[in-house]
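S.K.: I have a structure I would like to understand better, so I am pasting it below and will then ask my questions one at a time.
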Amino acid sequence: MQLNRIEKRTFFILMLAAFFNGFIISTFNLQDIIAKKALHAYDWQITILVMLWPLSNLFSIWWGKILEQSKSLSKFFILTGFIGRLSLILMLWVHNFYQYLAIFIILFSFNALISPAQNSIYQLNITPKNRGLIFGYVSSLITLVAIFFSFAAGKILDINENWFRYIFLAVGILGCISSLLMALIKIKKENFTERAFLNLKQVFIKPVLRTVEVLKNNKDFAIFQRNFFIYGISFMILLPAIPKYLVEYLQMNYTHTFLAKGIISQIGILFLAPLAGKVHDRKNPAFFTTIVFGILSLYPLTLLISSFLLDTSYVYYVVYFAFLIFSVGMSGMVIAWNISSIFFAGKEDVSMYQSVHVTLTGVRGIFAPFLGLLIMKTLGIRAVFIGAIALFLLASVLSFKLYLKMCKKEVVFAIPAKQILYHFRKIFPFS
């Protein structure tokens, strides 16, 4: 990997920040388990909690509009660190679910700023040939830290689950350090013109109009987002079901649940993210997501199989295998979700493209987790798994259709095996 001077400095700071960011990311995987076991949250409360991350992303188009008109990103990372992440210190005084929920509202609201700001750094400071690979290394380091921290947290909480307050205290401080390190990265926007402070119309109305403009003018990006939307619904209907399945159906303790959600589910990202990033750099993100969505469909399928083995001694291993499959799929998803927008933005400022992408996560977050809860309550937890399988597969098929369209190839109902092999080898020339 050949890096120029700016790339070397940016890569160094990104990796340093990634170490501290790993502690924050681990809390995203464990927050629902802690709420379920330590605070005895009901199913509907867990559903609200897991909705916070996608719902907070609704703010992203407004953050994106502000970033689009800002020359520097540093002040936004500082704001996220001190207000968004240090808010976790307040966990010391948490004694019920609603206090817990309020703190996560603050954390996730400011976290919606991170993705578009980070994309601007990758677009402006990292060349296209190195972008995915560097992001892969950063993701692997974040995951490595999250894995070790999740293991330690699980052991600590099995001793005394009330110590979750001190765990979040440490995470808040370390997460703030990560944001402050990101603030050290300097970017240079070409042909940037200073603009007057945004008025209320520009802040609240123009981002919505700009979102519509982006989706209307870039049809391929709009279709890509539609496919991602379908994937996201599948992902989110599983969110309220997973903690209930692990805690109530399987009777897992903290160590076992954290092993599944916080460690095994991250192993694929740890080892495969750089490779996934390299493949993403080479080829079209539509085909890339075709593969990723297809792999992820095996995750709820394996959970569905495990639900028929609840009385056996090896059901835990089947569930662990499901999370291992999930981790392999997510090694590609973490790349596609975070930097695919750069491909579609071209020479335009990517911050608004990524903000549209992130905000659509919030749109599906309004209803998808509740849809999962409704299915679980009326049809049972297996119906949630079946619905997720179907939606993952649909997203995969539609992504492959988009890939063929972008390659200007005619889409036919039945794709010959040789044609599939041809496209596969284009993506994986080493196969």
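S.K.: Please list, in order along segment 154-169, the HN-Hα scalar couplings obtained from phi with the Karplus expression 6.51 cos²θ - 1.76 cosθ + 1.60 (θ = phi - 60°), rounded to whole Hz, x for Gly and Pro.
M.R.: x, 5, 5, 6, 5, 7, 8, 5, 6, 6, 4, 5, 6, 4, 5, 4
S.K.: Mind pulling up the Rg/Rh value for segment 318-385? Radius of gyration and Kirkwood radius, both on Cα.
M.R.: Checking Rg against Rh, the ratio lands at 1.12.
S.K.: At 1.4 Å probe size, with every protein chain present, just tell me what the per residue accessible area of the chain comes to in Å².
M.R.: With all protein chains present, the chain gives 43 Å² per residue.
S.K.: Also, I was wondering about something else. Helix-derived [θ] at 222 nm for the chain: sum -39500 (n - 2.57) over DSSP H runs of at least 4, divide by residue count, nearest 500?
M.R.: -24500 deg cm²/dmol
S.K.: Moving on. Note down the net charge around PHE370, summing +1 for each Lys or Arg and -1 for each Asp or Glu among other residues with Cβ under 13 Å from its Cβ.
M.R.: So the environment of PHE370 carries a net charge of +1.
S.K.: Next question. Report Rg (one decimal) and Dmax (nearest whole number) for segment 1-141, counting Cα atoms only, units Å.
M.R.: 17.1, 52
S.K.: Can I ask one more? Choose one answer from ALA222, ALA322, ALA276: the residue with the largest mean-square fluctuation in a GNM of the chain with alpha-carbon springs under 10 Å.
M.R.: Checking each option, the largest mean-square fluctuation is seen for ALA222.
S.K.: Also: Residue farthest toward the positive end of the dipole of the chain, with Cβ of Lys/Arg at +1 and Asp/Glu at -1: which of ASN130, ALA170, VAL208?
M.R.: Comparing the listed Cα positions along the dipole, ASN130 ranks first.
S.K.: Cα-based Rg of segment 238-362 per 2.2 N^0.38 Å, rounded to two decimals?
M.R.: Output field value: 1.22.
S.K.: Now a separate question. Extending each Cα 7 Å along its Cβ direction at LEU3 and TRP163, get the distance between those two points in nm, one decimal.
M.R.: Label at LEU3, label at TRP163, 3.6 nm between them.
S.K.: Next question, about the same structure. For GLU161, GLU248, give the ranking by accessible area with the largest first, probe 1.4 Å.
M.R.: GLU248, GLU161
S.K.: Counting Lys and Arg as +1 and Asp and Glu as -1, each charge on the Cβ, what is the dipole of the chain about the Cα centre in debye, to the nearest 20?
M.R.: Charge dipole of the chain: 1360 debye, to the nearest 20.
S.K.: Using the Cα atoms as the points, what is the convex hull volume per residue of segment 203-268 in Å³?
M.R.: Per-residue hull volume (Cα only) is 145 Å³.
S.K.: Taking a 27 Å limit on the Cα-Cα distance, which of the listed pairs LYS8/LYS219; LYS36/LYS75; LYS278/LYS408 fall beyond it?
M.R.: Pairs exceeding 27 Å: LYS8/LYS219; LYS36/LYS75.
S.K.: Grab the Cα-Cα distance for LYS129 and TYR42, subtract it from 0.36 nm times how many residues apart they are, and report the gain in nm with one decimal.
M.R.: Contour length minus Cα-Cα distance gives 26.6 nm.
S.K.: Using only Cα atoms, what is the ratio of the radius of gyration of the chain to 2.2 N^0.38 Å?
M.R.: Normalised Cα radius of gyration, the chain: 0.95.
S.K.: With θ set to phi - 60°, apply the Karplus curve 6.51 cos²θ - 1.76 cosθ + 1.60 along segment 302-307 and write out the HN-Hα couplings as whole Hz, x wherever there is a Gly or Pro.
M.R.: So the Karplus estimates, Gly and Pro as x, are 5, 4, 4, 4, 5, 5 Hz.
S.K.: Heavy atoms only, probe 1.4 Å: what % of the accessible area of the chain goes to carbon and sulfur, would you let me know?
M.R.: Whole-percent figure for carbon plus sulfur exposure: 69.
The values are calculated or read from the model by the stated rules, or taken from the named source; none is laboratory data. None of these values were measured; they are calculated from a predicted model. In this analysis, Cβ positions are derived from the backbone assuming ideal geometry, glycine residues included, and neighbour counts consider all displayed protein chains. Heads up: the accessible areas ignore ligands, DNA and RNA and are worked out on the full protein's heavy atoms, side chains in. Shrake-Rupley method; radii C 1.70, N 1.55, O 1.52, S 1.80 Å.
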